[in-house]
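The values are calculated or read from the model by the stated rules, or taken from the named source; none is laboratory data. From a predicted model like this one, the values you see are computed outputs, not experimental measurements. Ideal geometry is used to build each Cβ from the backbone, glycine not excepted, and the neighbour counts take in all protein chains shown. For the accessible areas, the whole protein counts, side chains as well, though only heavy atoms, and no ligand, DNA or RNA atoms are used. Shrake-Rupley method; radii C 1.70, N 1.55, O 1.52, S 1.80 Å.
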Amino acid sequence: MAMSVEFALDTFGDVTRGPDGRILSQPEVLRNVVAEAVLADQVGIDYIGLGEHHRDDFAISSPEVILGAIAGQTSRIRLGTAVTVLSTDDPVRLFQRFSTLDAISNGRAEVILGRGSFTESYPLFGYELQDYEKLFEEKLDLFMRLVREKKVNWKGETRSPLKNTTVYPPLSEKGLKVWVGVGGSPESVVRAVRHDIPLMLAIIGGDPRRFQPFADLYRNAAGQMDQKVQPIGVHSPGHIAPTDEEAVEQAWAGYETLRGRLGRERGWGPPSKREFLAEVASGSMYVGSPETVAKKIAGTVKALGLSRFEMKYSQGTLSHEAMMRSIELYGTQVIPRVRELIAA
């Protein structure tokens, strides 16, 4: 039986270079993101997610605003985040933003919740990093109650309580699809099962098959809790061009800039093209021609039993024009080829 798999894209709104080599402004990048999402809708991609950051090298800080603009220019693509940093947000306001997005998009909204791999939102919004775990656990509990219950009673330590409260606008009877993004913590996997939420694995390096134990843990824990196994997805970076060589050179230029900056901030060594090529060959960089990328995605989907593959199509300063070509190839050539491969 053929596997039922969704194919998605996501971006953090990486600040890019224009055709003249100039670094674009964040407003220019945001307008480009809308154009990229519109193209994704046109070429048949199932979902686009916008990541949340609060720094000068990523333009998207308010995903729902941009998703609302995208909703007005698209008709079928599902719209969500990648990820929403729930720990430093208010669950009630977040619910209202997504119930509003769901209404104006006619039921196309989703949200991926996570704790984030960056910490700039903690001081920005007045939270203590030492409360990292408690903030996420309490706010996830409240958010899921808001999604699943018409009247909510809740009490915790991280915000004021709710007593028999209805939050507006309400969701439709269809509800809101919620995922939890996980970077590699068994505790986070079990938490997703405990809340009965689909799992999105962020795999940004190494052989994706090394995450098989997390997929197994998720499925086994669901069985132990007598729950239906929810979908599992994977988020990984990638870039597609007509040839392997062109894709590698384009992606490396953007990756080198992004990885170099993060390395300086976090005390890593400088990026190595040799390491990059190793990730392309056998790791979690889905870079190459349509056939090369399709084969690699199909292998990951089969190995982990995925319901969604989500490619981060932005690579540092990689140009808007190159990303548009990558999106077109993903929708028109890669996705049909992956469906053939996983059905074989």
For K150, the aspartates and glutamates lying under 13 Å Cα to Cα, once residues fewer than eight places off in the same chain are dropped, come out as E173
The correct ranking of M144, M324 by accessible area at 1.4 Å, largest first, is M324, M144
Stokes-Einstein D for the stretch 305-344, Kirkwood Rh over Cα pairs, 37 °C, 0.692 mPa s (µm²/s): 285
For Q227 and D56, calculate 0.36 nm times their separation in residues minus their Cα-Cα distance, and state this gained length in nm to one decimal. 57.3 nm
What whole number of Å gives the distance from the Cα centroid of the stretch 65-144 to the Cα centroid of the stretch 3-38? 19
Within the chain, helix-based [θ] at 222 nm, where runs of 4 or more DSSP H residues each add -39,500 (n - 2.57), nearest 500: -14000 deg cm²/dmol
Net charge near L94: determine it from the other residues with C-beta under 10 Å of the C-beta of L94, scoring Lys and Arg +1 and Asp and Glu -1. 0
At most 15 other Cβ within 10 Å, DSSP loop - GluC sites (Glu not before Pro), the stretch 135-204: E149, E157, E173
Counting only DSSP beta bridges fully inside the chain, the antiparallel percentage to nearest 5 is 10
By accessible area with a 1.4 Å probe, ligands and nucleic acids excluded, highest first: order of R219, R194: R194, R219
Please state the relative contact order of the stretch 31-118 as a whole percent: Cα pairs under 8 Å, 6+ residues apart? 30
Just to be sure I understand: with springs between alpha-carbon atoms less than 10 Å apart, which residue in E291, E245, E279 has the highest mean-square fluctuation in the Gaussian network model of the chain? E245
For L94, L129, L341, give the ranking by accessible area with the largest first, probe 1.4 Å. L129, L341, L94
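Quick one: length gained pulling E291 to E128 fully straight, 0.36 nm per residue minus the C-alpha distance? Write down the numbers at each step before the final one.
On the way: separation 163, 0.36 × 163 = 58.68 nm, distance 4.65 nm.
Length gained, E291 through E128: 54.0 nm.
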Using DSSP to define loop residues, name the trypsin sites (Lys or Arg not before Pro) in the stretch 10-53 whose beta-carbon has at most 13 other beta-carbon atoms within 10 Å. R22
Relative contact order for the stretch 195-344 using alpha-carbon pairs under 8 Å, separation at least 6, rounded to a whole percent? 33
Can you tell me how much longer the chain between E6 and E321 gets when fully stretched, taken as 0.36 nm per residue apart minus their C-alpha distance, in nm with one decimal? 110.9 nm
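Any idea what the relative contact order of the chain is, in percent, if you count C-alpha pairs under 8 Å spaced at least 6 apart?
Across the chain, relative contact order equals 20 percent.
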Pseudo-spin-label distance E245 to I104, built 7 Å along Cα→Cβ, given in nm, is 4.7
Cleavage-rule hits, trypsin sites (Lys or Arg not before Pro), the stretch 142-185, DSSP coil, Cβ neighbours within 10 Å at most 16: K150, K151, K155, R159, K174
Got a number for the accessible area of L304? Probe 1.4 Å, square angstrom, nearest 10. 0
Over all directions, the chain yields a Cα convex hull whose mean projected area in nm² is 17.1
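So what is the accessible area of the stretch 154-288 per residue, in Å², with the probe set to 1.4 Å?
I get 51 Å² per residue for this part.
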Out of W268, I77, Q333 - ranked by how far each Cα lies towards the positive end of the dipole of the chain, with unit charges on the beta-carbon of charged residues - the top one is I77
